[in-house]
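Below is one structure, written out as structure tokens; comments come after it.
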Amino acid sequence: MINFSPEIGFWSPFVFWFVLVSAVACGLFAIVVIIGGIGDLRYLFREIRKAEVDESDDGRVEGATEHLCPKA
Amino acid sequence: MNVTSIDWIILGTLFSGLLVLAIWINSQCKSVADYLVSGRKVRLWLGMGAGIAGEIGLVSIAAMCEQGFMRGFGFVQIGILAMCVTIPLFGIFGFGIERFRASRAMSVPQYIEMRYSRRLRILTGMTNSLAGVLQMCIFPIVGAAFLRVLINAPENAVILGYAVRSDCVIMALLLGCAVIFTHLGGYITLVVTNFIQMIVIMVAIYWVWGYLLADLGLQNFWSTLEDQRGRAAFYAFAESENAYGWTWFLWQLAMAILLQFSYGPYLQKYASLDKPKTVSRSYMFSTIFGTGRTYVILGIGVCALVALGAEPPADLAVGGQHWNSMATPYYLARIVPPVLMGFLLAGLLFADISTTDQYLLSWSTSIVNDCICPFLKHPLGTEKHIGAVRLTIVVLCILFFVVGIFYSPTLPIWEFTFLLANIIGGTGIAVLFGMYWPRATTLGAYGAVLTSLLLPLTDLTLRWVYQAQDWLYPLAPETTGFYTYVLATAVMVGLSLLSRGETGYWDLGQQVREMNQKETDV
């Protein structure tokens, strides 16, 4: 299929096939991610509509998250 | 310019669709947690899809094309070796990243305050934000320069009778887009729009690479790469100045590990996922399949090398480093046909918006939460908190614009951004030891953070001094980067052993197990 330079040896065919297989696998995987992601989008919107607002969950250590960090 | 009407129509239609979607999502955002971490409701596939777009920015596409042009596929062994370490570590065992999610912290400095002290939170918030902002300063101008060459725009445009640099005009437009999308709903908008953008980006880069390979011919593509760059284009550790080498690999590996516990955009993504197990699964799938995407983008840079050769054309008066970065867009501008150009432009614009938005939101969150809020006597409340983050985003964009006007590269794009990421890696050392070593103390963490701050900043400053004096700088970025990590780790361990007293250690492992057993987060 492809002629590789004998001067470079093993790494030229190895890299060729590795890049090719990785690129194809990544492309196929992207299709799986797209299909799965559409389902997750519907879940996200449903959950956000249902969720109650927690005013104290804003990044402060006191309040919302204090109970989660007991001293050793 | 070489962009046709049909290309502008494709770009305009896709952009308008995304904008309408973002406006609608904005109405769904109700709380600070929605705005900053999507209410922690993002599941595996959506998180990965959005993550793919967040990771491929216009600046990283420009940087990878530059690397492909300079070094071919030499990165392959680095990627394989790094995966052998990081996949088991993070993807299978969830080392550290699952514990971070279980802490329910929204940012690294928040965890630092839980584990060490409020003062160290403020320091790490400042150092991480500083490094992140310095790193981001070059994103808009590098992206704009890439786009300017791609659309074959003149160096200067005349606006209202004044000659203005075209890349500055493009930079302003890119930053304007980023401001619009971050104002429309924060992280929740970001996750959804990033997902849509991922689809466009993937279609664009695969289509372009396929088109270029068909045009050049596969045998010609490979044989010319072999002739032009030799063994270094296929083997990262070949004895050649074009090869990456072992120090570069070790630096990258240390960074790949430490940034998982410290890099704001990564951690904000982890914080938004629904449970700790989703974090490690998301990491594993993204890493395994993300490498293929990296090779496709490197391959576009290699196509430019094959078609144009290593040296710039005689009619172009550009130097070596500048040519390396502009060769790919220069080539694409001359080869990509109408319609594909429209999708390519949309893909690149979306790549810029998705990454810039994610990083902007992350660093502005860190500035507000870790550098401003700790000094306030009373909490800001939802509206003022979100307003403060939005105001910070606007101020940062103005800063990026000003820095972009005066930016002059001293290093390849990748190495500049990695060296600044080194500063953030010091926080990773503090977080890592904090999660797993009960003896880790606040003093040790201070030592690690300050060591990682001072050495890379000194290195970058000296580079500018040396460049101004026309001297040759003696240290490679990987040498500074790697030994900074080694020294910071030694300082962390040494100072922790020397200092006495109680530490704020608690076992997050139990929380990870409990949260993973529940179907959804509470």
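The values are calculated or read from the model by the stated rules, or taken from the named source; none is laboratory data. The structure presented is a predicted model; accordingly, all values stated were derived computationally and were not measured. Note: ideal-geometry Cβ built from the backbone for every residue, glycine included; neighbour counts use all protein chains shown. Surface areas here come from the heavy atoms of the whole protein model, side chains and all, with no ligands, DNA or RNA. Shrake-Rupley method; radii C 1.70, N 1.55, O 1.52, S 1.80 Å.
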(request) Quick one: which helices (runs of 4 or more DSSP H) lie wholly within region B:183-269 and hold at least 3 residues that are at pLDDT 85 or above and within 30 Å of residue B:358 (Cα to Cα)? (result) B:186-216, B:246-258
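Looking at region B:305-423, what helices (runs of 4 or more DSSP H) fall wholly within it and have at least 2 residues that are under 18 Å from residue B:181 (Cβ atoms) and in contact (Cβ under 8 Å) with a residue 60 or more places away in the chain? Quick ask: steps written out before the conclusion?
Values: elements: B:320-335, B:340-366, B:382-406.
So the answer is B:340-366, B:382-406.
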(message) If the requirement is being under 23 Å from residue B:223 (Cα atoms), within 14 Å of chain A (Cβ to nearest Cβ) and among the charged types (D, E, K, R), which of these qualifies: B:281, B:293?
(response) B:293
(request) Please give the helices (runs of 4 or more DSSP H) falling wholly within region B:38-151 in which 1 or more residues are under 26 Å from residue B:402 (Cβ atoms) and away from every other protein chain (no Cβ under 12 Å). (result) B:44-55, B:58-71, B:118-136, B:138-150
(request) Consider only pairs whose beta carbons are under 8 Å apart and that are at least six residues apart or on different chains; among these, list those whose first residue lies in region B:79-104 and is in contact (Cβ under 8 Å) with a residue 40 or more places away in the chain and more than 18 Å from residue B:430 (Cβ to Cβ) and whose second residue is open to solvent by 40 Å² or more (accessible area, probe 1.4 Å) and of a type in the set (Val, Ile, Thr). (result) B:83/B:288; B:87/B:288; B:91/B:288
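Sort through B:239, B:226 and tell me the only one that's among the charged types (D, E, K, R) and in contact with a Ser or Thr (Cβ under 8 Å, 6 or more places away or on another chain).
Among B:239, B:226, only B:226 is among the charged types (D, E, K, R) and in contact with a Ser or Thr (Cβ under 8 Å, 6 or more places away or on another chain).
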